[in-house]
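Below is one structure, written out as C-alpha cells; comments come after it.
The values are calculated or read from the model by the stated rules, or taken from the named source; none is laboratory data. For clarity, every value in this text was computed on a predicted model and none was experimentally measured. Every residue, glycine among them, receives a Cβ derived from its backbone with ideal geometry; neighbour counts consider all protein chains shown. In case anyone asks, the SASA skips ligands and DNA or RNA and just uses the protein heavy atoms, side chains included. Shrake-Rupley method; radii C 1.70, N 1.55, O 1.52, S 1.80 Å.
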Amino acid sequence: MAKTMPERRGSAVLGVDAELARKLLHDMLLIRRFEEKAAEAYTLGKVGGFLHLYIGEEAVAVGATSVLRPDDCAISAYREHGHCLAKGADPRRVMAELFGRRDGLSKGKGGSMHLFDRSVNFLGGHAIVGAHLPLAAGAAFAIKYEGRDAVIVCYFGDGAVPQGEFHESLNLAALWKLPVIYLCENNRYAMGTSTDRALAQTEIWKFGQTYGIPSEKVDGMDVLAVREVVGRAVARTRQDKTPSLIEADTYRYRGHSMRDPAGAVYRTKEEVEREKQRDPIVMFRERALRAGVVTEADVRAIEKDVNDRIDEAVAFADASPEPPDEWLFTDIYKED
Amino acid sequence: MAVMTYREALNLALREEMRRDPRVFVMGEEVGLYEGAYKVTQGLLKEFGPRRVVDTPIAESGFTGIGIGAAMLGLRPVVEMMTFNFALLALDQIVNSAAKMYYMSGGQFNVPIVIRGPGGPAAQLAAQHSQSMETYFYHVPGLKVVRPTTPMDAKGLLKSAIRDPNPVIFIEAETLYPVKGEVPEDPDFVIPLGRAVVRREGTDVTVIAYMGMMYRAIEVADELAKEGISVELVDPRTLRPMDVETIIGSVRKTHRVVVVEAGAGFAGMGSEISAFVTEHAFDDLDAPVERVTGANAPMPYARNLEKLKTPTKDKIAAAIRRVCNANGS
Ligand SMILES: Cc1ncc(C[n+]2csc(CCOP(=O)(O)OP(=O)(O)O)c2C)c(N)n1
Ligand SMILES: [Mg+2]
C-alpha cells in the first residue's frame, strides 16, 4: 500500500491511553443515557419534583473527576446527577433516589436535587443557589485541619456568581489557603437569565484574580481540556493548599428543568442547534477514533454496556419499594 | 464546686472540650486575638493556637457554612455569633444546610456543630441588637436549641452541645455574662440536652421561664410566698427538644400555668407551651394558661419604652394572681 501523508495517530497524539479514553467516553455516555432515561421516567410520572438535566455538560464532570483520587471530595448544586455518577455512585441507586425509593442513595428522602454518597466522597446535591460554596470551603478546612492532602472540587453554576456566598467563599478560601477547586459551569443561563443580564463582569474566571487565586477558563465541551486545566489546579492545590477558580464554558441542551421543556423563551433554537455542533461526546469519540486509540468495536461495546447499565438502573429503581412510613421520622437527629 | 461567672463557666466548658477532643475548634469574629467581643473565648488562642481558634472576617453566611462543611467531614466546630442578631445572615446555612443535611442525605452526613453567642434583650441596644432570637430556630426540625439560665447550666449544657452529633443553637445572654453561681469543676460534669429543671418546688402554680425572665420570676415567687402563693418554677433549658414530660408533671401537680418569655408573644414559646399543656393536661387545668410576653413591638432605645417592652415583675405577679384566683380560691 502506498504511503500518502504520515497520519498522526496514537495515544501520544490524544494525550490519554486507550483505557482512559474508553473510560472517559464510557462515563460521558453513561451520564447522557442516564439523563435521557430520567427524562423519560419523569414524563411517565415516575420521577417528581424538579428534574434538572446535565445533557451537554458531561465533559466537565467526567474530565474533572478523571484527575481526582478516590479520597478527594466533590460537591455540587442541584444539577448534580452527572457529578455524582462520575464520582462513582451506583447508577441503580441514583435512579432509585430519583424514583423516591428506599434503595436510593438518600433513602428516597433527598430526590434528584439531594444526591449524597459518602462511599465515594460525594458531599451532595444542594438546591439553594450559592449555599454549597461555603460548605466546600468547610470540607477543605477539615481536610487541611487533619493534615491530609486531599482536595475538594466544587461545581456550581454561573447563577451562583452574583450571590454573596460566592464572594465570601472565594475570599475565605484564598485567605485561609483551603484546598478547594471552584469549578464554575458557565452554561450562559441561570434559568432564563443570561450572564450578561446578571453579571457586571461576565468573564467569571476573572473574579479569581480579585481574590488573588489562580484562575483560568477552559472549553467545557472538551473533556481533554477540562482534564488538563483541572489536573493542573488539583496538583497545585494538593501541593500548596491554594484554591483555584476555573470557568468551564459549557451549554445545557435541555430547558432549565423538565418544567421548562423547550428552554426557548430566552434563547433561540438556532443557538441551541449551533451549540450542539460541539457536542462533548461526539467530539471526543471522533477524536479518539481518528487517533486510533479507540476502535469502532470499542465504541459499540461501550454503548452496549452503558445501555445495559441504564436498563438495569431503571429495573432496580422500579423494583425498589417505597420507603416505609416510619422513615418520615428517621434521620432527623442522630443518636449518639 | 467553684463560684464563677456565667462567662467563666462558658470559657471553662470550651477549654475542657477542646482539651478532650482535638476535633473541637472555635471560629468567629474576634474570638482569637481580641479574645471575644464579650470575652467568652478569653485565653483560648493562647492555649490552643490559631489552628483551633480561628478569627474570621465579617461573613456570617460564609464562615457558618464553612463550619457546617467541616462538621460534615467530622470536625466539631463551635461557631460564635458576635451576637445572635447576626445569625440572620447565616439563617439559610443553619436552616437549609445544617438542619437538613442528615435527613436529605438519608443519614449519611450529620452536622455536629454548635452555633453560640449572646441573644435576647440587652441594655438600650435598640431594635437590631436586642432580640430574642430563639424563635427563629426552634421551629426547625433537625436543630436543637438551648438557652442556659445559670452558670452551672451554661457549662453543663455547652459541653453536651459540643458532644452532640447534631447542630445545636446555643443562645447565651449579654446581661447574664457577669452573673455568678456555683459550677462543678469536674470535667466530666455535663447536663443532658432536652431536660428541664424544676428550680423551685411549689404547689399552687407552675411558672415556666428561662434566662433573664427566670431571674425575674424567682424574685416574684419570693414576694408571692409572703402572700401565701406557692410558685413552682420550671426552666426548660433546652427549647428543642422540649422536656414536655417535666412540664406536664408540674402542671398535674399545680393545675395552673404561667409562661414568661422576653420575646414578642405572637407565635412564641408561650404559644407552644400553652398548646401542648392544653393537649396533654386539659383536664388538670384549673385556669386558662396565661402568657406574659414581650410586647409585640420592636425593641425601642429610650429607657422608659424599653422597660415597657419586656415583661416586668408586676406583670408576672399579676398573671400569677389571676390564675390562682381563677377558680375562686
Ligand atoms: C437562593 C436561590 N434563589 C433562587 C433559586 C431558584 N433557582 C433554582 S436554579 C436557578 C438558576 C441557577 O442557575 P445556575 O447557577 O447558572 O445553574 P444551572 O441551572 O445553569 O446549572 C434558580 C434561580 C434557588 N434555588 N436558590
Ligand atoms: Mg447556568
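Shown is the FRET efficiency for A:Trp176 and B:Asp283, computed with R0 = 35 Å from the Cβ-Cβ distance and rounded to the nearest 0.05: 0.05. Take every Cα pair under 8 Å whose residues are at least 6 apart in sequence, average their separation, divide by the length of chain A, and the relative contact order is 24 percent. Averaged over the residues of peptide A:326-333, the number of Cβ atoms from other protein chains lying within 10 Å of each residue's Cβ is 5.
Between the residues A:Val129, A:Ala38, A:Gly157, the greatest Cα displacement towards the positive end of the dipole of chain A, with unit charges on the Cβ of Lys, Arg, Asp and Glu, is found for A:Gly157.
Computed from point charges on the beta carbon alone (+1 for Lys and Arg, -1 for Asp and Glu), the dipole magnitude for chain B about its Cα centre is near 320 Debye. Taking label points 7 Å from Cα along the Cα-to-Cβ direction, A:Arg197 and A:Arg9 give a separation of 5.0 nm. Placing pseudo-labels 7 Å out from each Cα toward the beta carbon at A:Ala319 and A:Glu286 gives an inter-label distance of 4.0 nm. For region B:190-259, the Cα gyration tensor yields ellipsoid semi-axes of 21, 14, 8 Å (square root of five times each eigenvalue, largest first, whole Å). The Kirkwood radius of the protein assembly as shown, taken over pairs of alpha-carbon atoms, gives through the Stokes-Einstein law at 20 °C and 1.002 mPa s a diffusion coefficient of 79 µm² s⁻¹.
Considering every alpha-carbon pair of region B:137-243, the percent of pairs per 5 Å bin, from zero through the bin containing the longest distance, is 2, 12, 21, 22, 18, 13, 7, 3, 1, 0.
Cross-link check: pairs B:Lys155/B:Lys315; A:Lys334/B:Lys253; A:Lys107/A:Lys276; A:Lys107/A:Lys334; A:Lys334/B:Lys39; B:Lys39/B:Lys307 evaluated at a Cα-Cα cut-off of 25 Å; pairs beyond the cut-off: B:Lys155/B:Lys315; A:Lys334/B:Lys253; A:Lys107/A:Lys276; A:Lys334/B:Lys39; B:Lys39/B:Lys307.
For peptide B:54-65, the mean count of partner chain Cβ atoms within 10 Å of a residue's Cβ comes to 6.
Taken over the Cα atoms of region B:197-325, the convex hull encloses 98 Å³ per residue. About its Cα centre, the dipole of region B:187-312 is roughly 440 debye, where the only charges are +1 on Lys and Arg Cβ and -1 on Asp and Glu Cβ.
Placing one equal scatterer on every Cα of region B:2-183 and applying the Debye formula, the log10 ratio I(q)/I(0) at q = 0.14, 0.16 Å⁻¹ is -0.68, -0.91.
Antiparallel beta bridges, as assigned by DSSP with both residues in the protein assembly as shown, represent about 20 percent of the total such bridges. Entry note, chain B: relative contact order of 16 percent, from Cα contacts under 8 Å with a spacing of 6+ residues. Taken residue by residue and averaged, Cβ atoms of other chains lying within 10 Å of the Cβ of B:70-80 number 5.
Computed over region A:148-294, the P(r) tail beyond 24 angstrom holds 39 percent of alpha carbon pairs.
Cα extents for region A:197-269 along the principal axes, largest to smallest and rounded to whole angstrom: 45, 29, 18.
Of the listed residues A:Phe207, B:Phe276, the order by accessible area with a 1.4 Å probe, largest first, is A:Phe207, B:Phe276. In deg cm²/dmol, rounded to 500, what helix-only [θ] at 222 nm does chain B give when every DSSP H run of at least 4 residues adds -39500 (n - 2.57) and the total is split over its residues? Only helices count here, giving -10500 deg cm²/dmol. Ordered from longest to shortest, the equivalent ellipsoid semi-axes for region A:18-320 are 27, 21, 21 Å, each the square root of 5 times a Cα gyration tensor eigenvalue. Mind checking which lysines have their Cα closer than 17 Å to the Cα of A:Lys217? Skip sequence neighbours fewer than 8 apart in that chain. Candidates past the 8-residue exclusion: A:Lys206. For B:Asp243, the solvent-accessible surface computed with a 1.4 Å probe is close to 20 Å², ligands and nucleic acids excluded. Across region B:2-183, Cα pairs under 8 Å and at least six residues apart give a relative contact order of 28 percent.
Calculate, in whole percent, how much of the Cα-Cα pair population of chain B lies beyond 29 Å. When every Cα pair of chain B is considered, 37 percent fall beyond 29 Å. Each peptide in A:53-65, A:28-40 gets a packing score, the mean of other Cβ atoms within 10 Å over its residues, and the list from highest to lowest is A:53-65, A:28-40.
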